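Contents: one structure, followed by commentary.
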Amino acid sequence: MMRSIIKSVARWLVACAGQIDRRFVLILGMLMVSVLTVAPVSPLQGLGAEPNPTEWRGVHIMAWGLAGGPEGLIPLKEAITKVFHPMGVNVIVFEVGYNFDYRSHLELRQTKFITKKDAQDLVEHCRQYGIRVIPQFNCLGHQSWRNTLYPLLTQYREFEEPPEAPPGQRWTELRSWCPLHPEVNGVVFSLIDELIEAFSADAFHVGMDEVLVIASKNCERCRDKSPAEVFAKAVNDLHQHLVKERNLTMLMWGDRLLDAEMFPYGKGWETSRNGTAPAIDMIPKDIVICDWHYGKHQEYPSVRYFQEKGFRVWPAGWNNVDAVRSLIRYSRQNNMGGVVGYLATTWVLEPGGFCWALVGERHPALVSQRALDAAQAFHAAMEELNASADQPH
Ligand SMILES: [Zn+2]
């Protein structure tokens, strides 16, 4: 578009040159040059130091639960040096959850954990390669898996949003805290603050995907409120703390903001069926929405939707090569100025398993098929990003 305008103006100038005052043509030409030399506004401006101002090329690393603890750090550092940096990765989202040596709440630390020193060493290693580390702590939902409750709800039973469905039903197995409990933020924010300090973070990912238990009729605080209202309250409290008070960039997963009736993504949890989607109009627009879709589609209309609503969007794929390529192409073609790049998720349970796969380790105890698939899709994504970058969009 811009090129065709430039060509038209240039042709017109040439045509005019013989007919009107040459000084006028000269001034017009200088004006045109000054317009062309002004850099386009990047969606990342105002977010602090960026290793690459044009694109967030990110990898999401699981460092919690089974994948938690220090053993994953060795292959991660090796992968940073040998693979991430050469391939242009400039952001790592490091999902650490409760697997950190929290000093403010020792009771909330998982058995396997990394220390503040481990975090600082990782950040320092990344800094050498121009890679930004964004820590992640899953907020609100994902406070359990199957029959295992995570530390917050084990130690503070009163924080749980009581599920409506009987035990054993699938959706009750991802449990939540109640964002209206008057004491929950005090505890959670102190954990978040420790991660911000340990990782010297200028951005924080709050998770908030797959929040399935919300605004329960069994909760005396929430029962008269809508799920969207309660979800937005949790988002806004986190935004107040992270963005307004601490001046960080806030990131969250996008699935609870997408109405399943509006978006043809299938029956999974990547869209909301529990009434949270209207929250999209109740939360600040400076949050970066991580729009995850792992299946192959011709179109990913949520990428446009989030931008139309005023958000920056970070499309995220996983382990399907065709899907990853399709998502990246669609996002590039439908970048209205708010697509910040691409985030490769990995979801490997073995500590360091994804990174071992990337650097060529094939021992089955370290590297699962899941890790190999994620590594293959990561490579495809990097190729696609390079290919797409060469084309006009
Ligand atoms: Zn509640």
Legend entry - Test: LEU251 is more than 16 Å from the ligand (Cβ to nearest atom) and assigned to a helix (DSSP H, G or I): no
Inset, instruction - Scan region 232-248 for residues that are within 14 Å of the ligand (Cβ to nearest atom) and not aliphatic (A, V, I, L, M) and report the count. - result: 2
Inset, instruction - Could you check, for region 254-268, whether at least one of its residues is in the same structural domain as TYR150 (by TED's automatic domain parsing), out of contact with any helix residue (DSSP H, G or I) (no Cβ under 7 Å at 6 or more places or on another chain) and not in a loop (DSSP other than H, G, I, E, B)? - result: yes
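Determine, yes or no, whether VAL313 is surrounded by fewer than 23 Cβ atoms within 10 Å (Cβ to Cβ), away from the ligand (no atom under 16 Å from the Cβ) and closer than 21 Å to THR346 by Cβ.
Considered against the rule, which asks whether it is surrounded by fewer than 23 Cβ atoms within 10 Å (Cβ to Cβ), away from the ligand (no atom under 16 Å from the Cβ) and closer than 21 Å to THR346 by Cβ, VAL313 comes out as no.
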Inset, instruction - Can you give me the number of residues within region 178-231 that are within 13 Å of the ligand (Cβ to nearest atom), surrounded by fewer than 20 Cβ atoms within 10 Å (Cβ to Cβ) and in a loop (DSSP other than H, G, I, E, B)? - result: 12
Inset, instruction - Name every residue in region 267-311 that is free of Cβ contacts under 8 Å to residues at least 40 places away in the same chain, among the hydrophobic types (A, V, I, L, M, F, W, C) and touching a strand residue (DSSP E or B) at 6+ places or on another chain (Cβ under 7 Å), in order of residue number. - result: ILE289, VAL303, PHE311
Inset, instruction - Among residues belonging to region 155-177 that are within 11 Å of the ligand (Cβ to nearest atom) and aromatic (Phe, Trp, Tyr), point out the one that is surrounded by the fewest Cβ atoms within 10 Å (Cβ to Cβ). - result: PHE159
Legend entry - Long-range neighbours under 6 Å by Cβ, at least six apart or interchain, first residue under 19 Å from ARG273 (Cβ atoms) within region 213-227, second within 8 Å of the ligand (Cβ to nearest atom) and part of a helix (DSSP H, G or I): ILE214/VAL230; ALA215/VAL230; CYS222/VAL230
Legend entry - Top-ranked residue in region 330-343 [being among the hydrophobic types (A, V, I, L, M, F, W, C) and more than 21 Å from GLY68 (Cβ to Cβ); ranked as surrounded by the fewest Cβ atoms within 10 Å (Cβ to Cβ)]: MET336
Inset, instruction - May I ask you to list the residues in region 344-364 that are in contact (Cβ under 8 Å) with a residue 12 or more places away in the chain and either among the β-branched types (Val, Ile, Thr) or surrounded by fewer than 24 Cβ atoms within 10 Å (Cβ to Cβ) (or both)? - result: THR345, THR346, TRP347, VAL348, LEU349, GLU350, VAL359, GLU361
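The values are calculated or read from the model by the stated rules, or taken from the named source; none is laboratory data. Because the structure is predicted, anything quoted here is derived from the model rather than measured. Using ideal geometry, Cβ is built from the backbone for each residue, glycine included, and neighbour counts are taken over all protein chains shown.
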